[in-house]
Amino acid sequence: MLIFANYFGCIMQRKQFFEAFDAVIQTPKRFVVVSHVNPDGDAIGSSLAFAQFLKKMGHQAEVMVSNDFPEFLAWMPGACNVHIYDKAPEACDELLKSAEVLAILDFNHVSRSGLVQNTIKELNINKILIDHHRDTDFDQFLCALSDTNVSSTSELVAELILHYGERYLDESIATNLLVGIITDTGSFAHSVYHPEIFSICAKLVDKSVSYNQIHRLIYDTFSEDRLRLLGYSISNKMEVLDEYATAIIFLSKEELAKFNYQVGDTEGVVNFPLSMKKIRMSVLVTERQGVIRFSFRSKGSFSVHELANKYFNGGGHTNAAGGTLTCSLEAALEKLHQVLPEYKDLLNQMD
Ligand SMILES: [Mn+2]
């Protein structure tokens, strides 16, 4: 019954969103679509697809992110047109100031827009939100579709486009949306909350470049350094804490440099420890410029969002979250070890 109640709630929310969105797009407008800092496949995929859809509907639409996306996403249709704020701040500010509607995709805390946030805060502009994270700190939207029970923002954008009809899907849009869904679900290994995702994906696969090709373009793209960094991380830098059903991988900036680290090279490393039956939570701790970055993954109902939010200035989803601390790598690991006892019972309840 609970599932039915939730699902019914979602339908209501969608109906209102579709109506409000439909009102927004009645007259041609200049949209800027912004996604989160350190953009991933879903950030870029959902934003590009949404902008491409808006253009089909007769609007102007540009995609903007704070910093560059990993090389393995560079092939995505339209990726070369994404505005990267830290490469051209003045031009990006100009674009933002001339926009009529700001579309916020795949994040909902203004700070997650990175460098774009300063301009966003100053702008008095109409906003729309499409996102699958919890708790927004933006104030007003023309319309907002926020649902934590879907795999990805790309899934929500697919739903929106399909609401207008399959004729609005084309190869670029379908391919971009599949990249977002595949990457946010780890190739459908997690974050699959309802069967409709497969009906949506069937329609996307029908219109996209081949599914096998998309998968290969996303995953079979490692440099030798990246694969060796993965091997080193698991074999030399993984601490397994049986007591807490937890594994921690930690990498200093010297170690990253030794493997000629490129943006995205640690992507997915955090997932490997979960392949051990006994592990319920996996944490990747990496030292970046002046900051320690945490990436959390879990199995079942254990919420890494809760832990990341309470202790590591972050959050995300039940099974995937991130966080940051401004301290040394040693201090960051100490903090992590300190908070584990609080979660000992939950971590040992495998469901
Ligand atoms: Mn996402």
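The values are calculated or read from the model by the stated rules, or taken from the named source; none is laboratory data. Fair warning: this is a prediction, and the values are worked out from it, not measured in the lab. Here the Cβ is made from the backbone with ideal geometry for all residues, glycine too, and neighbour counts use every protein chain on show.
Residues in segment 256-304 that are farther than 18 Å from THR183 by Cα and either in the same structural domain as ASN67 (by TED's automatic domain parsing) or among the aromatic types (Phe, Trp, Tyr) (or both): PHE259, TYR261, PHE294, PHE302.
The residue list GLU224, GLU243 contains one member that is touching a residue at least 40 places away in the same chain (Cβ under 8 Å) and surrounded by fewer than 14 Cβ atoms within 10 Å (Cβ to Cβ), which is GLU243. Of all positions in segment 41-48, none carries a residue that is touching a residue at least 40 places away in the same chain (Cβ under 8 Å), assigned to a strand (DSSP E or B), more than 21 Å from ARG216 (Cβ to Cβ) and within 15 Å of the ligand (Cβ to nearest atom). Checking each residue in segment 85-99 for being out of contact with any helix residue (DSSP H, G or I) (no Cβ under 8 Å at 6 or more places or on another chain) and either under 13 Å from VAL34 (Cα atoms) or free of Cβ contacts under 8 Å to residues at least 24 places away in the same chain (or both) picks out LYS87, ALA88, GLU90, ALA91, GLU94, LEU95, ALA99.
Only one of the numbered conditions (1) outside any loop (DSSP other than H, G, I, E, B); (2) touching a residue at least 24 places away in the same chain (Cβ under 8 Å); (3) buried (at least 19 other Cβ atoms within 10 Å of the Cβ) is violated by ILE279, and that is (1). How many residues does segment 1-27 contain that are surrounded by 12 or more Cβ atoms within 10 Å (Cβ to Cβ) and at pLDDT 55 or above? Residues that pass the stated criteria total 11.
Take VAL32 and decide whether it is away from the ligand (no atom under 14 Å from the Cβ) and either under 21 Å from the mean Cα position of the chain (by Cα) or not in a helix (DSSP H, G or I) (or both). Lay out the reasoning, then the answer.
Working: away from the ligand (no atom under 14 Å from the Cβ): yes; either under 21 Å from the mean Cα position of the chain (by Cα) or not in a helix (DSSP H, G or I) (or both): yes.
The answer is yes for VAL32.
With a requirement of 3 or more residues that are surrounded by 15 or more Cβ atoms within 10 Å (Cβ to Cβ) and within 16 Å of the ligand (Cβ to nearest atom), the strands (runs of 3 or more DSSP E) lying completely within segment 57-136 that satisfy it span 101-105, 126-131. Of the set (1) of a type in the set (Ser, Thr, Tyr); (2) over 26 Å from GLU224 (Cα atoms); (3) at pLDDT 95 or above; (4) touching a Ser or Thr at 6+ places or on another chain (Cβ under 7 Å), all apply to THR318 but (3). Look at (1) more than 16 Å from the ligand (Cβ to nearest atom); (2) closer than 24 Å to ARG14 by Cα and you find that VAL209 fails only one, number (2).
Looking only at segment 161-183, residues that are part of a helix (DSSP H, G or I) and surrounded by fewer than 19 Cβ atoms within 10 Å (Cβ to Cβ) come to 8 in all.
Checked across segment 184-194, the condition of being modelled with pLDDT under 95 and not in a loop (DSSP other than H, G, I, E, B) holds for at least one residue.
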